[in-house]
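To start, the structure itself, in structure tokens.
Any read-out appearing in this document is the output of simple, stated calculations on the displayed coordinates, not a laboratory observation. The model shown is predicted, which means the values in this text are computed figures rather than measured ones. Every residue, glycine among them, receives a Cβ derived from its backbone with ideal geometry; neighbour counts consider all protein chains shown.
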Amino acid sequence: MRTKFFLAFILLFLVVSQQAQTLCAVRSGEEWGFIDKKGKWVIKPKYEGVDGFYNGYCIIEQDEMEGLINTKGITVLEPKFDFVGDVSEGMVDLEDEDGLIGYFNVTTGKLIPPQFEDGDEFIGGYAVVMDSMDLWGAIDKNGKLVIPFQYDDIDEFGEGLIGVMNEHNKWGFVDATGKTVIPFTFDNVLREFKNDSAKVRLGDETCYINKKGEIFSKWKLPPATKNKKYSWFKVNEKWGMLKYNDTIMKPLYETFGSRQNGRFSFKQGMKYGIADTTGKQIVKPKFDQLSPFVEGLAHASVNGLVGFINNAGNTVIEFKYQAATGFSNGLAGVKLNGKWGFIDKKGKMVISPQFDSVEGSFHDVNSDVGSWAKYDKD
């Protein structure tokens, strides 16, 4: 019994210890580091610049060159490149001072030296790259050329197939060995294979095909809103909205934000307000600035002061800050008396204002959505 209890305790400890690590990038003086939600330094400030963590790694800048660190602050790629991309499938795309593209494997530490004129991130185990003759091919994670440089344009891998364009400006699909699987009969590839279908253009028709190249759905261009619940249209510099091609809101406003819980921010004159999908004003235009809603709240400004409102327009957190970020994991950055701190959703100051700048928001360092607060969805 004691043995079982001990093993259960160890298992619980391992589960807790592997919970999401939530950090935020802040600047102290001229240097950047990362703090936890208690305001304690996890990675001390020593970098000229940082991005947020993405898939467990963060891009850093030193002496105007970029590199990469892990969640412990250990440098895994020395800052000696003009550009370093986000980690995708354990691989990072990078660019040297000559503008050539290479790749770095964060797991093995192997570098595929910069040698390509262009290239995209790894998807499905492969990256598309371009040679000095402006022809496209693809490599695997070892840098081996699996699809020769012979195509004038290329899409991206999806379910083992990739759309490529030949010298006659026709598109087909090849597999990871370069073998043609679907003949070159299409005028464009609009979307890679997902759920056994790809989106292509044939003449003036947009089509969906299966992995045999057979068309099973098509419509005349443009597709308009047949595949969208809502879309916008503009008349005389004013925006309106369609639902399944039926006008549900006449052109009323100069600017509209994203649909969130059946409502939109809008701009009228020099002020922002909130309306529903018919255009009816829920909150009259009275804000100088209005952010998207994140975790149920949006930061807005009036007469140079920033506070937070709910989607009914009610003030939830007093308008007294110089600037603010969106909420993420229950905290939002606020600037007061020239310094940044963090408040909770009740407006309580959880981390006192002491930082010179804030980058992004608190987020899981192993997430694949970056460091910016995720907007509320409809």
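Going down the table (K267/K339; K80/K141; K238/K271; K110/K179; K46/K72; K144/K179), which pairs top 18 Å between alpha carbons? As for pairs spanning more than 18 Å Cα to Cα, those are K267/K339; K80/K141; K110/K179. Count Lys and Arg as plus one, Asp and Glu as minus one, and take only other residues whose Cβ is under 10 Å from that of I317; the net charge is then +2. The distance between label points at S132 and Q268 comes to 6.2 nm (points 7 Å beyond Cα on the Cα→Cβ vector).
Within a Cβ distance under 13 Å of G29, other residues only, what is the Lys/Arg minus Asp/Glu net charge? My count for the surroundings of G29 gives 0. Between the alpha-carbon centres of segment 36-71 and segment 252-320 there is a gap of 33 Å. On full extension, the segment bounded by N188 and T277 gains 28.6 nm, given 0.36 nm per residue less the C-alpha separation.
Counting other C-beta atoms within 10 Å, which of M165, M133 has the fewest, and how do the rest follow?
Ascending number of Cβ neighbours within 10 Å: M133, M165.
Sorting S367, S291 from the fewest to the most surrounding beta carbons within 10 angstrom yields S367, S291.
Taking R0 as 41 Å, what FRET efficiency do you get between M349 and K211 from their Cβ-Cβ distance, rounded to the nearest 0.05?
0.15
Charge tally for K212 (other residues, Cβ to Cβ under 15 Å; Lys, Arg +1; Asp, Glu -1): -2. Each residue, E237 and N169, gets one label point 7 Å from its Cα in the Cβ direction; the gap between the two is 3.7 nm.
Take the Cβ atoms of S258 and Q62, set R0 to 30 Å, and the FRET efficiency comes out at 0.25. Ordering W41, W32 by the number of other Cβ atoms within 10 Å of each residue's own Cβ, fewest first, gives W41, W32.
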